[in-house]
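Notes for the one structure printed next.
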Amino acid sequence: MREKLLTLGISQISGASRTSVGGYTQAERPHDSEQFDVSDQRTLDEVVLWLMKLGFIPSFCTACYREGRTGDRFMSFCKSGQILNYCHPNALVTLAEYLTDYAKPDTSQKGFALIERELLKVEDEKRRRQCAEAISAVVHKGERDLRF
């Protein structure tokens, strides 16, 4: 069902979510106290890899919220088409953080190949260079929470 919904334009899904009380405090996922069945027991890494195989860019971006681009301000970026100068680069940078810090080797390899391909799609040359520099800072210098 999630795969079908993605093709319809759903842009946010959860991965490895837990609905049981204290579910995130335990290494094993408890099933006997879940509030409801989410029917997806995949790990976050499995969901990230699945999304990339489907051709999507898994994004962990919270930049607009953190930069105050909400409400009318956010809508003005959307209506003008300028949001692409933020969303695409931020998605790539946050994916690089995930791949560097948490991903399994196969996921990391596939993810960085995806990032390399997607960087070429950033139309504004200055933004593409800034994005590449931010990704390099994440991977090679350990910097975090970089955003546009």
Out of all the residues in segment 65-93, which are within 26 Å of Ala113 (Cα to Cα) and in a helix (DSSP H, G or I)?
Leu84, Asn85, Tyr86, Cys87, His88, Pro89, Asn90, Ala91, Leu92, Val93
Can you go through Thr70, Thr62 and tell me which one is of a type in the set (S, T, N, Q), farther than 20 Å from Val122 by Cα and open to solvent by 40 Å² or more (accessible area, probe 1.4 Å)?
Thr70
Can you pull out every residue in segment 127-142 that is more than 12 Å from Ala96 (Cβ to Cβ) and not basic (Lys, Arg)?
Gln130
Scan segment 119-140 residue by residue and report those that are open to solvent by 20 Å² or more (accessible area, probe 1.4 Å) and in a helix (DSSP H, G or I).
Leu119, Glu125, Lys126, Arg127, Arg128, Arg129, Gln130, Ala132, Glu133, Ser136, Val139, His140
Within segment 100-111, the residues that are assigned to a helix (DSSP H, G or I) and farther than 17 Å from Cys61 by Cα are Pro105, Asp106, Thr107, Ser108, Gln109, Lys110
Conditions first: (1) of a type in the set (A, V, I, L, M, F, W, C); (2) open to solvent by 60 Å² or more (accessible area, probe 1.4 Å); (3) under 16 Å from the mean Cα position of the chain (by Cα). Ala96 passes all but one, so which condition is the exception?
(2)
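The values are calculated or read from the model by the stated rules, or taken from the named source; none is laboratory data. Everything numeric in this text was worked out from a predicted model, so none of it was measured. FYI the Cβ positions are ideal-geometry reconstructions off the backbone, even for glycines, and counts take in every protein chain you see. Areas reflect the complete protein model, heavy atoms only, side chains present, ligands, DNA and RNA absent. Shrake-Rupley method; radii C 1.70, N 1.55, O 1.52, S 1.80 Å.
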